[in-house]
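Note sheet for the following structure.
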Amino acid sequence: MKSNYERLIALADEVFAVRQDPEQLDVNEEVIEKLQSIHPATLSDKDFGDGPVLWILLIPTTTDLMNKFIHQEINEKELYELTEPNQRYDAVYLCSALVLEEYRHKGYAQEVTIQAIEEIRKQHPIKALFYWPFTEGGLHTAQAIAKKLNLPLYERK
């Protein structure tokens, strides 16, 4: 039987197919290191003792980069590359939420994401959220998070 970690990796490959799309962010150790330097809350998980059951990836960035992304002037990889550590961030990209099937529809992704955004808001004046929908569940989760945080939500078309 596969570990939760292995199942989440397989789920990421299935949902996002990053290896077939060079414009998406392919998360590796170097990317994780930069994300952590942007803010420690960029990567979050939930673990009930048997390994992670969900992973959340957020990218705090600027409104200018957000607008370029949602208007398809830059891609996801460029958004990441252009977002530098030690900037003043006022937008958060809801990059990905991966949840093992048996843990879906329990509010865990929403809970973990809101906690991470609240941590980011302690240092940065976040005024907007944005996302690139891949699944219906992702759309609903993004909308619920924006509503609970009372922030506008922008979608990349």
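For segment 4-155, give the magnitude of the charge dipole about the Cα centre (Cβ charges: +1 Lys/Arg, -1 Asp/Glu; no others), in debye to the nearest 20.
Working: 14 positive and 26 negative charges, 152 e Å.
Using only the charged Cβ atoms, the result is roughly 720 debye.
Which percentage, to the nearest 5, of the DSSP beta bridges contained in the chain is antiparallel?
Numbers: 13 of 20 bridges.
Within the chain, antiparallel bridges account for around 65 percent of the total.
³J(HN,Hα) across segment 96-110 via Karplus (A = 6.51, B = -1.76, C = 1.60, θ = phi - 60°), whole Hz, x for Gly/Pro?
7, 9, 10, 10, 4, 3, 6, 10, 6, 6, 10, x, 5, 4, 4
Based on the Cβ-Cβ distance of residue 32 and residue 11, what FRET efficiency does E = 1/(1 + (r/R0)^6) give at R0 = 22 Å, to the nearest 0.05?
Numbers: r = 18 Å, r/R0 = 0.80.
So, using R0 = 22 Å, E works out to roughly 0.80.
I'd like the GluC sites (Glu not before Pro) in segment 1-86 restricted to DSSP loop residues with at most 15 other Cβ atoms within 10 Å, sorted by number. Display every interim value, and only then the final one.
Numbers: sites: 6, 14, 23, 29, 30, 33, 73, 76, 78, 81; in loops: 23, 73.
Answer in residue order: 23, 73.
Of all trypsin sites (Lys or Arg not before Pro) in segment 15-120, which ones are in loop regions per DSSP and have a Cβ with at most 10 other Cβ atoms within 10 Å? Display every interim value, and only then the final one.
On the way: sites: 19, 34, 46, 68, 77, 88, 104, 106; in loops: 88, 104, 106.
Listed in order of number, the matching sites are 88.
If I model a spin label at residue 77 and residue 23 as a point 7 Å from the Cα along the Cα→Cβ vector, what separation in nanometres do I get?
Here the answer is 1.2 nm between the modelled labels.
Given that just one value was derived from the coordinates, which of [x] 14.5, 41; [y] 22.7, 87; [z] 14.7, 45 is Rg and Dmax of the Cα atoms in Å?
Working out Rg and Dmax of the Cα atoms in Å from the coordinates points to [z].
Compute the length gained on full extension between residue 3 and residue 103: take 0.36 nm times their separation in residues and subtract their Cα-Cα distance, giving the result in nm to one decimal. Let's see the in-between values first.
Details: separation 100, 0.36 × 100 = 36.00 nm, distance 1.46 nm.
Here the answer is 34.5 nm.
In nm, to one decimal, how far is the residue 156 label point from the residue 135 one, both placed 7 Å along Cα→Cβ?
Output for this residue pair reads 1.8 nm.
Among 128, 72, 94, pick out the residue whose Cα is farthest towards the positive end of the charge dipole of segment 4-155, where Lys and Arg carry +1 and Asp and Glu carry -1 on C-beta, about the Cα centre.
Farthest towards the positive pole: 128.
Report ³J(HN,Hα) in whole Hz for each residue of segment 122-127, in order, from the Karplus equation J = 6.51 cos²θ - 1.76 cosθ + 1.60 where θ = phi - 60°; Gly and Pro get x.
So the J values, rounded to whole Hz, are 5, 10, 9, x, 5, 10.
At 222 nm, what value in deg cm²/dmol follows for the chain if DSSP H runs of at least 4 each add -39500 (n - 2.57) and the sum is divided by all its residues, to the nearest 500?
Numbers: 6 runs with 66 residues, N = 157.
The helix contribution divided over the chain gives -12500 deg cm²/dmol.
So what are the ³J(HN,Hα) numbers for segment 56-65, from phi and the Karplus equation (6.51, -1.76, 1.60; θ = phi - 60°), rounded to whole Hz, Gly and Pro as x?
After applying 6.51 cos²θ - 1.76 cosθ + 1.60, I find 10, 10, 10, 10, x, 7, 9, 4, 4, 5 Hz.
Contact order normalised by length for the chain, with contacts defined as Cα pairs under 8 Å and 6 or more residues apart; what percent is it?
24 percent
Please give the contour-minus-distance gain from residue 114 to residue 64: 0.36 nm per residue of separation, less the Cα-Cα distance, rounded to one decimal in nm.
Separation in residues times 0.36 nm, less the Cα-Cα distance, equals 15.7 nm.
Bear in mind that the values in this text are calculations on the coordinates, not laboratory data. Everything quoted here is computed from the prediction, not taken from an experiment. Counting neighbours? That spans all protein chains shown, and the Cβs are built from the backbone with ideal geometry, glycine included.
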